[in-house]
1. In nm, what is the difference between 0.36 nm times the number of residues separating ASP155 and ASN76 and their Cα-Cα distance?
2. Once both labels are modelled 7 Å past Cα along the beta-carbon direction, what's the PHE240-LYS194 spacing in nm?
3. Please list 3J(HN,Hα) in residue order for the stretch 18-27, calculated via the Karplus relation 6.51 cos²θ - 1.76 cosθ + 1.60 where θ = phi - 60°; whole Hz, with x for glycine and proline.
4. Rank these for me by crowding, LYS164, LYS72, going from fewest to most other beta carbons within 10 Å.
5. Quote the relative contact order of the chain in percent (integer), defining contacts as alpha-carbon pairs under 8 Å separated by 6+ residues.
6. Taking only the alpha-carbon atoms of the chain, what semi-axes of the equivalent ellipsoid follow from 5 times the gyration tensor eigenvalues under a square root, in whole Å, largest first?
7. Whose amide H sits under 5 Å from the amide H of TYR185, counting only residues 5 or more places off or on another chain, with H placed in the peptide plane?
8. Just to be sure I understand the model, the point goes 7 Å from the Cα along the line to the Cβ. What's the resulting LYS5 to ASP251 distance in nm?
Amino acid sequence: MTAPKSRIVQRPFGNGGHVYALDGRRCPGVTTIIKNSAPSGGLLKWSAREAAEWAAAHMELYDALGHEAWVKTAANASDESRDKAADRGRAIHAAADALVDGQPVDVAPEIYEQAALVPKFLDTWRANVLARECIVFHTGHRYAGQFDLIADLADGRRWLLDYKTGKGVYPEVALQLAAYRNAEYLVWNGEDRKMPRIDATGVVHITENAFELIPVDTGPDVWATFVSAIPLYRFHGTKFGYDRIGEPLPDPEPLATVTHIVPGEEP
């Protein structure tokens with residue numbers, strides 16, 4: 001008997017990223033939709049600050065790099081910081097999964113210390129883990145994503161949780177969790193299953209030496225906001241918006257010269 005195959009496929013990139021295909025067609029991820037539906041004002045300010053701080057700390061490189069290269073490097077400073085933070089977050093996630101599974105972990109001490117807070121959280125909240133790191137997708141709205149954890153916790157509720165290792169927890173996570181919660185299907189052992197009932201959603205915020213369970217509202221209003229972001233993503237994040245702009249029109253033909261006839265004269 002042939003094993004059932006999921007309709008969703010995740011294709012990884014070498015840099016840790018990935019893309020999805022649903023029924024053989026490209027399908028955007030949840031975080032891609034959120035990031036490209038509208039620029040974040042706070043993110044833009046952070047990016048500008050990163051560039052300014054790099055510039056202030058590296059004035060001595062101006063002559064060596066030249067104006068164009070120096071400005072380009074300063075402008076890319078936020079990308080470098082973002083990528084480092086993303087790499088660190090992935091390392092903590094991977095180490096945490098290994099620790100939960102009882103596998104040996106060989107990582108830097110600061111990564112290990114934060115990763116070890118995940119099993120501590122699970123023990124503290126007496127978590128009955130139902131699913132981890134599973135892909136979910138929605139066929140009607142055509143999106144996919146991958147959540148961190150579904151577990152029954154000590155308060156008697158079934159939680160859908162996302163681990164965050166950054167400095168703070170920001171509003172975009174409500175859209176992210178709402179998308180996961182309202183997905184139609186969850187991929188379990190390569191098979192598509194209906195998304196289970198979820199009672200609550202939240203973030204496990206992992207800091208350097210502590211964790212916090214932070215509830216996140218993903219009610220109907222938040223879900224409606226995510227759904228409304230999908231066409232905005234399509235407009236801003238794909239060629240759709242650019243395709244609305246046509247080619248310049250040629251100037252109109254000049255008007256024909258008109259001879260004005262003076263009353264009383266022969267035409």
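What follows draws every value from the coordinates through simple rules; no lab data is involved. Small disclaimer: the values here were computed from a predicted structure and weren't measured. Heads up, the Cβs are rebuilt from the backbone with ideal geometry, glycines too, and the neighbour counts pull from every protein chain shown.
1. On the way: separation 79, 0.36 × 79 = 28.44 nm, distance 4.49 nm.
Going from the current span to full extension adds 24.0 nm.
2. According to this spin-label approximation, the distance is 3.0 nm.
3. My calculation for the stretch 18-27 gives 7, 10, 10, 10, 10, 6, x, 10, 3, 9 Hz in order.
4. Details: LYS164 19, LYS72 11.
In order of increasing Cβ crowding within 10 Å: LYS72, LYS164.
5. On the way: 356 pairs, mean separation 51.1, N = 267.
So the answer I get is 19 percent.
6. Numbers: eigenvalues 461, 169, 62 Å².
Semi-axes (√(5λ), whole Å): 48, 29, 18.
7. Sorted by chain and number, the residues that satisfy this are PHE137, MET195.
8. About 5.9 nm, to one decimal.
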